[in-house]
Amino acid sequence: MRYSSLFSKATKTVPGDSESINARLLVQAGFVDQEMAGVYTWLPLGLAVLRNIEQIVREEMNALGANEIFMPSLQPKEYWDTTNRWEGVDVLFKLKSQTGKDYALGCTHEEVVTPLVKKFVQSYKDLPLATYQINTKFRDELRAKSGVLRGREFRMKDMYSFHTTQEDLSAFYQRTLKAYVQAYHRCGLQVKVVQASGGVFTQNLSHEFQALTDAGEDVLIACEKCDFGENSEIATHKAGEACPVCSSVLISTKGIEVGNIFDLGTKYSDAFELDFTNEEGKRQRVLMGCYGIGTSRLVGAIVEASHDEKGMIWPKSIAPALVHLVRIGVDDEAVTAADALYNDLRHAGFTVFYDDRDVSAGAKFADADLMGMPLRLTVSKRTVGESVVEWKERTSEEAKKVSIVEVIGAITEYART
């Protein structure tokens, strides 16, 4: 991707309503553009990050054996009446068609997936099964805030599992919990798994996945030495007490919720009479689980957790490009060498963002730090004369010189670490 052909550009102007770090940096770097409160356009670089995250999540869900589908966002009122949630979910966007019918814009999809699965499940031989989607959700938040962390329109992966026994549901629940931790780890984010109330979506206990950061809205009681943690709203322990797992001192900290999983029991299968015939030939209720990851929220959480005073610092696995190639000057030697390196890197399979603009070196370096690609390579008339490129990693203060003939191999090794 050449910067000169990218219609969205970085800006030094600080957005007036950017009360959070992720809102300010994502907008300044040209990754997103705010349309209105809680609604963003994902520009090319931001969309690349979002797609990388969603691909990692997709791979982890596929590894669980789940089937990907794509459900409609426009949902009939009758489904929400069936679950008695038309009036009970205060964030539900409600629409009236010119035909006189009422619809909801999906903030969640239990009301769609349960009757869908009912069409295909008859016998115990049809279970267990799990299905998921990555889709746009809508929630009528009274106060959309914190950039892409709390929006009225956002991206989400939601998965639903269906089981014949509690034992089977519990086993899949634990497998999914581990898959979530793995997905976050692959995205470069460390999370704390805490117990929490399911709120309006379920009456059962659930687990939340919290990215620990001062920008978080949730207060947690957590152990720094082990995995124990609780949301303070239902905590059975207090800060300063001994951890029930390892006896270390518990602390109070803040976190951003980036996912949750619920044991739904028969809440929705009761509503839609989702049954199966067991081995004895008797009809029995299907047990359900629900598992969500806010993929667009995850982008914001990673920015909050990984940045410095200069800009964002993207993990290699989700960066819009591994390499930020900077050309200094418009001399024929620099242009020829930088263009050749750009083509060589792409042919070698690397993602490259090439700053080929005719602007100052200082402006280009500032934009590179703001955008936060993992590796910056600089080509100039001077480096061409020395047959080297300047190599600087985003997490390092120091730059070094690498031979132009060795740079592909060096990047290959760097990408593996």
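A compact table of results
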{"read-out": "Region 320-340, residues that are farther than 16 Å from Met371 by Cβ, hydrophobic (A, V, I, L, M, F, W, C) and touching a helix residue (DSSP H, G or I) at 6+ places or on another chain (Cβ under 6 Å)", "value": "Ile328, Ala334, Ala337"}
{"read-out": "Among the candidates His237, His307, residue that is farther than 30 Å from Trp42 by Cβ and surrounded by fewer than 20 Cβ atoms within 10 Å (Cβ to Cβ)", "value": "His237"}
{"read-out": "Candidates Glu59, Glu68, Glu110, Glu35, filtered to the one that is among the charged types (D, E, K, R), under 21 Å from Gly294 (Cβ atoms) and crowded, with 18+ Cβ neighbours inside 10 Å", "value": "Glu110"}
{"read-out": "Test result for Lys9, part of a loop (DSSP other than H, G, I, E, B), touching a Phe, Trp or Tyr at 6+ places or on another chain (Cβ under 9 Å) and surrounded by fewer than 17 Cβ atoms within 10 Å (Cβ to Cβ)", "value": "yes"}
{"read-out": "Region 148-168 residues that are in the same structural domain as Tyr268 (by TED's automatic domain parsing) and assigned to a strand (DSSP E or B), paired with ones that are modelled with pLDDT under 95 and small (Gly, Ala, Ser) (beta carbon under 6 Å, 6 or more apart)", "value": "Arg150/Ala144"}
{"read-out": "Complete set of residues in region 364-388 that are outside any strand (DSSP E or B), touching an Asp or Glu at 6+ places or on another chain (Cβ under 9 Å), closer than 11 Å to Val326 by Cα and not basic (Lys, Arg)", "value": "Asp367, Ala368, Ser380"}
{"read-out": "Hits in region 389-411 - residues which are small (Gly, Ala, Ser) and either modelled with pLDDT under 95 or part of a loop (DSSP other than H, G, I, E, B) (or both)", "value": "Ser396, Ala399"}
{"read-out": "Region 222-262: number of residues that are touching a residue at least 60 places away in the same chain (Cβ under 8 Å) and of a type in the set (Val, Ile, Thr)", "value": "3"}
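The values are calculated or read from the model by the stated rules, or taken from the named source; none is laboratory data. These figures come from a predicted structure and were not determined experimentally. When we count neighbours, we look across all protein chains shown, and the Cβ atoms used for this are built from the backbone with ideal geometry, even at glycine.
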